[in-house]
Amino acid sequence: MRPVPFTYFCGLKPKCFGIVNWSVVYLLMVVAFPACAQKNTPVSDSTSLKMAFWNMENLMDTVNDPTFDDDFTPTGVMRWDAAKLNSKLKNMAKVIANIQPDVMGMCEVENESVLQLLLADAQIKNSNYGYVHFDSPDERGIDVALIYNKSEAEVVASEPIKVKLPNGDKTRDILYVTLKVHAKDLVHVFVNHWPSRREGKEKSEAKRIAAAKALAQFIQSKNLNSQSCVIMGDFNDGPTNKSIQSVLNAKSTAAISNEGAFLVDLNTMLDEDSVGTLKFGNQWDMFDQIIISNALYSDTTAGLGYKQGSFGIFSPEWLKQHDAKYEGFPFRTFGGKKWLNGYSDHFPVFAELNYE
């Protein structure tokens, strides 16, 4: 049976969980009810649509599931309890409230329950967000998801795209969502979290190539090459790597007019050597990307299109770590096993679509 997507309104949907987990109940009471007294309604601009993506870095609940999530439990090595989760939710909601996206893809989200808790936070509770999420076969139990402003967009269709890895390992599905924006235009959104480089860049490259092929084949099968598409995610590869540039065939903004490619990688507007969305050692990486179809980038006729100059990395000073060793790094949740009470080890990326 094909899984059914869950689209939530801000507020909590009653659900029977069977055995009650009282830490979750406590969080629902702490996060949801005080939020009712506060309002944060962003100004709606019917001429634009802000897109964003963020790796949420282990947005996990406290429940010990059958997946390999033991570290993120009250008795696990991270001592992940209700208080830490509540603080994490508030931090993540703060970033979303500051970006004010109309559509935001996410990865490293454990399940629908943590998304529900996130959207119930007082900082974004009244921002009219719904979301789409499917459970994926990833062994760590982390998924991709999408939130959207219901005043600006509605979900027309959604489904997970399976990624078969060459060695039989399991990984995240790619989330495909068709949105109708401003009640008239269809935008096809793909949220990705491709296999990591944990085994090393070269040894793991075949896995990311498999993900790129799965996405490219799906787009071809749906005849979306001439449509308005937004591909976002943590690809664990940069814009110049084989999976992105050759297999997915996403080209730089400078090359697009000459090569006539279907996809334009907006990250190529930035210097990949001096800036990035995450940092390992002294090296910045540009793994978090927003890629759009040529129909959105080059078509200057009336209709929805990319707003020139709107792509960027969201990295205010309060989202950075400030100490001698890690100055300027993304301010993450943990440093090793030490709880830093930060946000994520990735910066979000964003871009804007508007009407000419």
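Figures for the structure shown
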{"read-out": "Pairwise Cα inverse-distance average, inverted: Kirkwood Rh of the range 22-355 (Å)", "value": "20.2 Å"}
{"read-out": "Length gained when the stretch K164-N98 is fully extended (0.36 nm per residue, less Cα-Cα span)", "value": "20.1 nm"}
{"read-out": "Net lengthening on full extension, V156/A216 (0.36 nm per residue, minus Cα-Cα)", "value": "19.5 nm"}
{"read-out": "At R0 = 22 Å, FRET efficiency that the Cβ-Cβ distance of E317 and L340 yields, to 0.05", "value": "0.90"}
{"read-out": "Between the range 65-119 and the range 228-270, the alpha-carbon center distance in angstrom", "value": "29 Å"}
{"read-out": "Gain upon complete extension [E356, Q227; 0.36 nm per residue less C-alpha separation]", "value": "44.7 nm"}
{"read-out": "11 Å cut-off, amide nitrogen to a point 7 angstrom out along E199 Cα→Cβ, residues in the range 149-171", "value": "165-170"}
{"read-out": "Listed pairs K164/K242; K162/K307; K84/K201 exceeding 29 Å between Cα atoms", "value": "K162/K307; K84/K201"}
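No lab work stands behind these numbers, since they all come straight from the coordinates. Everything quoted here is computed from the prediction, not taken from an experiment. Using ideal geometry, Cβ is built from the backbone for each residue, glycine included, and neighbour counts are taken over all protein chains shown.
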